[in-house]
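The values are calculated or read from the model by the stated rules, or taken from the named source; none is laboratory data. Note that the coordinates shown come from a computational prediction; the quantities given were computed from them, not determined experimentally. Ideal geometry is used to build each Cβ from the backbone, glycine not excepted, and the neighbour counts take in all protein chains shown.
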Amino acid sequence: MLEVSNLTKYFGGLGAVRNLSFKVEKGQIFGLIGPNGAGKTTVFNLINGFYSPTSGEVMLKNEPITGLKPNVICRKGIARTFQVVKPLSRMTVLENVMASAFCRVNSVSEAQEEALKAMDFCSLVHRKDFLAKSLTIGDRKRMEIARALATRPEIILLDETAAGLNPTELEQAIALIKKIREGGATILIVEHIMKVIMSISDRIHAINYGQTIAEGTPQEVANNQAVIEAYLGEAYA
């Protein structure tokens, strides 16, 4: 479904991502992990076209999408959420999600229908007339996912969806991510909370300083010495 080959991004002399390669199969939940500053969000920005790579290639269903604009990549089937949710704060929740739905439809009535469908999927319809700025962190995160789903993605990039959630909201987030996969979407997720990433991922790719240090099942990656050292230091490894 998605293939990243030798992806590299330099900012001046800083190599944020260096020769990164991985494949995401259709229907997978594929986790991307690494300590702070490892380059995870930069990878997302390269995949969805926010940044152009210095070198390397991104393929969606065997079609190159490297360097395309984010709106074009979204229409091709890749949606994303953001680590820091920035809603259209003076608009309602429904209006926020409708704005995303216009990626696929051309009329207000169709956009509203698409938005309500996505909000119902995310258990957010009861908040549809609330101003976005009034939402709790948990509801903002769900609205962010609803906005992505309203674009009808085949692949959704989830950037720290569970950050800032309380234990109950965390369980709800895990259930929602599994539900998205059950609905047919492929998921590439960045997450620091190990309870989330280890419990939902089919495969995990670990990076540090923009480079691959491990890939495998959650258990294989959790036991990998390079991963333990990157997160906890040499003494623990």
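Screening the candidates Ala173, Ala230, Ala148 for the property of being outside the structural domain of Phe30 (by TED's automatic domain parsing), assigned to a helix (DSSP H, G or I) and touching a residue at least 24 places away in the same chain (Cβ under 8 Å) yields one hit, Ala148. Inclusion of Val97 among residues that are among the aliphatic types (A, V, I, L, M), part of a helix (DSSP H, G or I), at negative phi and in contact with a Lys or Arg (Cβ under 7 Å, 6 or more places away or on another chain) is warranted. Quick check on Phe44: is it out of contact with any Gly (no Cβ under 8 Å at 6 or more places or on another chain) and assigned to a strand (DSSP E or B)? Here the answer is no, as Phe44 does not meet what is asked. One residue stands out in the stretch 1-35 among those that are hydroxyl-bearing (Ser, Thr, Tyr) and surrounded by 15 or more Cβ atoms within 10 Å (Cβ to Cβ): the one that is farthest from Gly183 (Cα to Cα), namely Thr8.
Determine whether the stretch 41-59 contains at least one residue that is more than 18 Å from the chain's Cα centre (by Cα), of a type in the set (Asp, Glu) and within 24 Å of Thr212 (Cβ to Cβ). Yes, there is a match, as at least one residue in the stretch 41-59 is more than 18 Å from the chain's Cα centre (by Cα), of a type in the set (Asp, Glu) and within 24 Å of Thr212 (Cβ to Cβ).
Considering only residues that are out of contact with any helix residue (DSSP H, G or I) (no Cβ under 7 Å at 6 or more places or on another chain), modelled with pLDDT under 90 and closer than 22 Å to Val4 by Cα, which ones fall in the stretch 161-196? Hit for the stretch 161-196 is His192, nothing else. Taken as a whole, the structure places Ala118 among residues that are part of a helix (DSSP H, G or I) and surrounded by 19 or more Cβ atoms within 10 Å (Cβ to Cβ). Kindly provide the set of residues from the stretch 91-110 that are among the β-branched types (Val, Ile, Thr) and under 24 Å from the mean Cα position of the chain (by Cα), ordered by number. Within the stretch 91-110, Thr92, Val93, Val97, Val105 qualify.
Output the residue which, of all residues in the stretch 199-222 that are assigned to a helix (DSSP H, G or I) and touching a residue at least 60 places away in the same chain (Cβ under 8 Å), is nearest to the chain's Cα centre (by Cα). Taking the candidates together, the pick is Ile200.
Going by what's in this entry, would Glu110 be described as crowded, with 19+ Cβ neighbours inside 10 Å and either modelled with pLDDT of 95 or more or not assigned by TED's automatic domain parsing to the domain that holds Gly233 (or both)? For Glu110, the condition - crowded, with 19+ Cβ neighbours inside 10 Å and either modelled with pLDDT of 95 or more or not assigned by TED's automatic domain parsing to the domain that holds Gly233 (or both) - is not met. When the stretch 59-80 is filtered for residues that are hydrophobic (A, V, I, L, M, F, W, C) and more than 20 Å from Ser21 (Cβ to Cβ), the ones remaining, listed by number, are Val72, Cys74, Ala79. Going by the conditions given, is Asn223 more than 30 Å from Asn19 (Cα to Cα) and modelled with pLDDT under 95? Against the criterion (more than 30 Å from Asn19 (Cα to Cα) and modelled with pLDDT under 95), Asn223 does not qualify.
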